[in-house]
1. On a full-extension model of 0.36 nm per residue, what is the gain between residue 48 and residue 128, subtracting their alpha-carbon distance, rounded to one decimal in nm?
2. Starting from 0.36 nm per residue, how many nanometres of slack lie between residue 35 and residue 146 once their C-alpha separation is accounted for?
3. How large is the convex hull of the Cα atoms of segment 34-166 per residue, expressed in Å³ as a whole number?
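All of the numbers you see were taken from the coordinates with simple rules; none came from a lab. Predicted model, so just to flag it, every value in this text is computed and none were measured.
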């Protein structure tokens, strides 16, 4: 008799489990990157992205500091970024915001990491903090030793130092 009661209870539990509503499906994860095209290159580290959804966003390349436009190599850095982004489909991984409200992004064009490439080719510095020489310090040292980009015209001044001593470009 006890066995039949236990069997009956187990059957009821199994039936209840089968009849219980299933949890809703998990929502699809948001895309890791925005996809679109650069509509304007402002300087060597900033551009305007128009996404495939029609949004227009100001994006600054994360982890780098390009020379100011009024600084030696500023125009060349802007032109290099423009050449690599112009008329190219690109993706931007959002990694935060800068102090001016621009999106900080990791930019990829045709599989190439543009942030890294700007430093490798001598068009930008690895962004420094008080205790850190930045994410692209190795690439910066290689560009310097091979006299690429801004290193081909002398010893460039870091944009942060330039702004402290000369003020912002007018």
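1. Values: separation 80, 0.36 × 80 = 28.80 nm, distance 2.39 nm.
Taking residue 48 through residue 128 to full extension adds about 26.4 nm, to one decimal.
2. Gain on extension, residue 35 to residue 146, equals 36.6 nm.
3. Numbers: hull volume 14.1 nm³, N = 133.
So the per-residue Cα hull volume is 106 Å³.
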